[in-house]
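**Q** Before we start, here is the structure in question, set down as structure tokens.
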Number of protein chains: 2
Amino acid sequence: MNSPILDDLNWRYTTKSYDPNKTISTENIAIISEALRLSASSINSQPWRFIILESDDAKQRFSNTFETKFLANKPHATNASHIILFTHNPHYSIEDFEAVIDKNILDGRIKPEKKDDAVSKFSFADLYTEPSGYNANWTKAQLYLAFGNILHVLARLKIDSTPLEGIDVKRVEKEFSQELDGFSCPVALAIGYHDEADFNARLPKSRMPLETVVHKI
Amino acid sequence: MNSPILDDLNWRYTTKSYDPNKTISTENIAIISEALRLSASSINSQPWRFIILESDDAKQRFSNTFETKFLANKPHATNASHIILFTHNPHYSIEDFEAVIDKNILDGRIKPEKKDDAVSKFSFADLYTEPSGYNANWTKAQLYLAFGNILHVLARLKIDSTPLEGIDVKRVEKEFSQELDGFSCPVALAIGYHDEADFNARLPKSRMPLETVVHKI
């Protein structure tokens, strides 16, 4: 099957070693940022914030969070060009959604007189919200949707990446508590360019057979 | 910013009304299937199965699940070209992971003598697994990663889509219990081509401002 889409997805792999001398261009960081912003989410809730660690200082702070867990991932913190902290709001509220609707009105998508009707669609989020206001499982799902989008974007840009569920979440959330401002950070993403020593760059991709994962009826 | 990636993401929108006479080509369904298969997942776990409803009978069965909830989505069931049920394993086990490793060995990615070492990486999944074996929150996150990937793929193929968290999960899981075989189905995706009546095709996209969702430090 000849397809540039499949070529990109087959090109992508999880980088295990980065070249610290290669940096993602400012233009590509701008594309990645805008692509994150454009990600889809349930009821357009956008219950997320993406913290891009670009400065040596910020990357060093991330490196410092690897103290006892997942030490194999520690070198990525400083060798990758950038790290993105994927964070989601564990208590997404009707006020947060109202801000989304206000932006919709500003963008000419919703008429001002329809605001109440639009805000009432928060009832969908309510289905996933505990009485305490906790709805982290729902907002986390949206965050992973953005994560899947950006992995595809990076493949198109021929930028290497490493999904990092292997982070010390507690330490990351403590170190970046000011930037996270109450949001949760279950996963990060190292991005950059692999170095010659990366054994994983040369290994074949492996996935379960098509007939196992896709059933057509 | 001039970028085909951003053009695709800006092109994408949530379709509200499908043209029942337009069908996705067999070739594109094959690309979508393979793109789903190639999605990334934590420790390459692939804890998913994608059920593509293509026949009139299968789509009608899906339509029948809209009895009392989310009736606005019911027309998509039969008017969209295809529906994809996104399903994940709520009890992903070390045996499931062993099957992945066996496929890795078959694909020449892992040497047979390294099998035990490779299977031991299931310890990462254990971190998200309750004593009962329940790890649905973790496997659901991976499923949404595949979901985000495929939304991007569809935008590249210029195929319209509608993410459907608005389904009656209980009825869907009952109606398709044989196909799901114990897997959970939190979300579906309608895909096809919008019709002229789709008001949403003409509305501008709206997202929160870049400075709100992306912070660079």
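**Q** More than 30 Å from A:I94 (Cβ to Cβ), facing chain B (nearest Cβ under 9 Å), of a type in the set (D, E, K, R) and not in a helix (DSSP H, G or I) - does that describe any residue in the stretch A:44-58?
**A** Keep residues of the stretch A:44-58 that are more than 30 Å from A:I94 (Cβ to Cβ), which gives A:53-58.
So of that shortlist, the ones also facing chain B (nearest Cβ under 9 Å) come out as A:53-55, A:57-58.
Right, trim to of a type in the set (D, E, K, R) and you get A:54, A:57.
Filter once more, keeping what is not in a helix (DSSP H, G or I): A:54.
Yes, there is a match, as at least one residue in the stretch A:44-58 is more than 30 Å from A:I94 (Cβ to Cβ), facing chain B (nearest Cβ under 9 Å), of a type in the set (D, E, K, R) and not in a helix (DSSP H, G or I).
**Q** Within the stretch B:157-183, how many residues turn out to be open to solvent by less than 30 Å² (accessible area, probe 1.4 Å) and either acidic (D, E) or in a strand (DSSP E or B) (or both)?
**A** The number of residues fulfilling the criteria is 6.
**Q** I've got another one for you. Can you name every residue in the stretch B:162-217 that is among the basic types (K, R) and more than 22 Å from the chain's Cα centre (by Cα)?
**A** Scanning the stretch B:162-217 gives B:R202, B:K205, B:R207, B:K216.
**Q** Something else: Among the residues of the stretch A:103-122, are any small (G, A, S) and surrounded by fewer than 13 Cβ atoms within 10 Å (Cβ to Cβ)?
**A** Checking the stretch A:103-122: at least one residue is small (G, A, S) and surrounded by fewer than 13 Cβ atoms within 10 Å (Cβ to Cβ).
**Q** So, in the stretch A:10-23, how many residues would count as being within 17 Å of the chain's Cα centre (by Cα) and open to solvent by 10 Å² or more (accessible area, probe 1.4 Å)?
**A** 3
**Q** For the stretch B:184-217, give me the residue count where each residue is outside any strand (DSSP E or B) and away from every other protein chain (no Cβ under 13 Å).
**A** Number of matching residues: 5.
**Q** Here's something else I'd like to know. Taking the stretch B:11-32 as the search range and keeping residues that are of a type in the set (S, T, N, Q) and farther than 24 Å from B:G166 by Cβ, which one is farthest from the other protein chains (Cβ to nearest Cβ)?
**A** That would be B:N21.
**Q** Sticking with this structure for a sec: Among B:G148, B:G108, which is without any contact (Cβ under 8 Å) to a residue 12 or more places away in the chain, at the interface with chain A (Cβ under 10 Å from one of its Cβ atoms) and not in a helix (DSSP H, G or I)?
**A** Residue meeting the stated conditions: B:G108.
**Q** Please find, among B:A40, B:A72, B:A35, B:A77, the residue that is facing another protein chain (nearest Cβ under 7 Å) and either assigned to a helix (DSSP H, G or I) or open to solvent by 30 Å² or more (accessible area, probe 1.4 Å) (or both).
**A** Unique residue meeting the criteria: B:A35.
**Q** Anything in the stretch B:43-69 that is among the hydroxyl-bearing types (S, T, Y) and either surrounded by 21 or more Cβ atoms within 10 Å (Cβ to Cβ) or touching a residue at least 12 places away in the same chain (Cβ under 8 Å) (or both)? List them, or say none.
**A** Within the stretch B:43-69, B:S45, B:S63, B:T65, B:T68 qualify.
**Q** If you don't mind, another one. When you scan the stretch A:201-217, how many residues do you find that are out of contact with any helix residue (DSSP H, G or I) (no Cβ under 7 Å at 6 or more places or on another chain), over 30 Å from B:F176 (Cα atoms) and surrounded by 14 or more Cβ atoms within 10 Å (Cβ to Cβ)?
**A** Of the residues in the stretch A:201-217, 2 are out of contact with any helix residue (DSSP H, G or I) (no Cβ under 7 Å at 6 or more places or on another chain), over 30 Å from B:F176 (Cα atoms) and surrounded by 14 or more Cβ atoms within 10 Å (Cβ to Cβ).
**Q** Answer yes or no: is there a residue in the stretch B:122-141 that is in contact with a helix residue (DSSP H, G or I) (Cβ under 6 Å, 6 or more places away or on another chain), touching a residue at least 40 places away in the same chain (Cβ under 8 Å) and of a type in the set (S, T, N, Q).
**A** No, there is no match, as no residue in the stretch B:122-141 is in contact with a helix residue (DSSP H, G or I) (Cβ under 6 Å, 6 or more places away or on another chain), touching a residue at least 40 places away in the same chain (Cβ under 8 Å) and of a type in the set (S, T, N, Q).
The values are calculated or read from the model by the stated rules, or taken from the named source; none is laboratory data. Note that the structure is a prediction, hence the values are computed from the model and not measured. We place every Cβ from the backbone using ideal geometry, glycine too, and count neighbours over all the protein chains shown. These area figures cover heavy atoms from the full protein model, side chains too; ligands, DNA and RNA do not enter into them. Shrake-Rupley method; radii C 1.70, N 1.55, O 1.52, S 1.80 Å.
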